[in-house]
1. When only C-alpha pairs under 8 Å and at least 6 residues apart count, what is the relative contact order of the chain, in percent?
2. Between Lys227 and Ser90, what's the calculated FRET efficiency when r is the beta-carbon distance and R0 is 56 Å? Round to 0.05.
3. Using a 7 Å offset from the Cα along the Cα-to-Cβ direction at both Phe207 and Ala188, what is the distance between the two label points in nm, to one decimal?
4. Between region 200-266 and region 1-54, how many Å separate their Cα centres?
5. I'd like the FRET efficiency for Phe195 and Asp173, computed as 1/(1 + (r/R0)^6) with the beta carbon distance as r and R0 of 41 Å, rounded to 0.05.
6. Going down the list Lys41/Lys140; Lys164/Lys274; Lys47/Lys111, which pairs span over 18 Å between their C-alpha atoms?
7. When the Debye formula is applied to the Cα atoms of region 182-306, each taken as the same point scatterer, what base-10 log of I(q)/I(0) results at q = 0.09, 0.17, 0.23 Å⁻¹?
8. Using a Förster distance of 25 Å, how high is the FRET efficiency between Leu106 and Gln40, based on the Cβ-Cβ distance and rounded to 0.05?
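Rule-based calculations on the coordinates, nothing more; no lab input. Every value quoted in this text rests on a predicted model; they were computed, and no experiment measured them. Every residue, glycine among them, receives a Cβ derived from its backbone with ideal geometry; neighbour counts consider all protein chains shown.
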Amino acid sequence: MNSFGTLFRIQLFGESHGEAIGVVIDGIPAGLPLSAEDFQKDLNRRKGGSLGTTPRVEEEQLEFLSGLFNGKTNGNPLAIVVKNRNIISSDYDLHCQIPRPGHADLTSNVKHCGFQDYRGGGHHSGRVTLALVLAGVVAKKILAPIVIDTEIIHIGGENPWNQKLKEAIEEGDSLGGLIECRIRKLSAGIGEPFFNSMESMLSHIIFSIPGIRGIEFGDGFRATEMKGSEHNDPIVSADGTTSRNGAGGINGGISNGNEIIFRTAVKPTASIAKEQESFNFKTEKNEKFNIGGRHDACFALRTPVVIEAAAAIALADLLLQASQV
Ligand SMILES: Cc1cc2nc3c(=O)[nH]c(=O)nc-3n(C[C@H](O)[C@H](O)[C@H](O)COP(=O)(O)O)c2cc1C
């Protein structure tokens, strides 16, 4: 499904080499000032063009189709469309025959019975995260003064990572990375257990981002090797402040008033320049092949802003459910 959220509800659409990428956002309070300039900073952060990212750089002209009147949201669904222009589709014909290992070519073909738009990875392309970033900008506005920050902890296990990245690119290979997200100034009491707990909502939307391999909150998987006395967060004041934050700011699926901290594991890009082997469905043989097209050697470098957007969307929905915005 391509919709997420209950009260702040987004519906995204588009394919990498289709007409456009877009999002429809329902539940935005009326009267929120909004203009194309508000989106520019986050759109720039998602763009490629730097070392280790795709050479496909789009202009990204926003078209507001609905929901905006005289520079303010009008309470109706906000519909934003961005046309795809910088498209080279011929590179992808091969992947109908030889699906890329690690990509969605095979699974999408099976699920959609061969009717899928395979060009540029279609709906499974990182390009579709543009829609998340658009919705994230609106969500962040609703959330203010709550602040969401992300930081790359490492790329391919290294920080600084430039040398390792250059080596991977020279080898025609790719790298993944670990991204930490911190949410500050969120009050205690937000989250709708059982199924819409804070962790469930964040994990649900984070795992919707293509290429995510894991998420952990606070001490995360390290908690399995800790004692309760080490993992427990001592409460040191009446507002619930704790002296450590192994829970990542969440207890019982509800924010506890401390920083929410989670880390997201991003996989190495599937589409590598190196020669690979896959099953050719036409010749019915295993064959060596090379991937064409323009790819991020390390899309983790472009993902921090996508994670921020996803977190903002989930939080906006939970806050509206708690009637706190
Ligand atoms: C911002 C962003 C950019 C991406 N760029 C690429 C890319 O250039 N090449 C590629 O093979 N995968 C890229 N991906 C990952 C694929 O979209 C993803 O691996 C694919 O849809 C299969 O999904 P899965 O990895 O979750 O199984 C990107 C993902 C994101 C979030």
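1. 24 percent
2. Details: r = 59 Å, r/R0 = 1.05.
FRET efficiency, Lys227 to Ser90: 0.45.
3. It is 2.9 nm.
4. When both Cα centres are located, 27 Å separates them.
5. Working: r = 40 Å, r/R0 = 0.96.
With R0 = 41 Å, the Cβ-Cβ based efficiency is 0.55.
6. Values: Lys41/Lys140 13 Å; Lys164/Lys274 16 Å; Lys47/Lys111 30 Å.
Correct reply: Lys47/Lys111.
7. -0.41, -0.92, -1.35
8. Values: r = 37 Å, r/R0 = 1.49.
Rounded to the nearest 0.05, the efficiency is 0.10.
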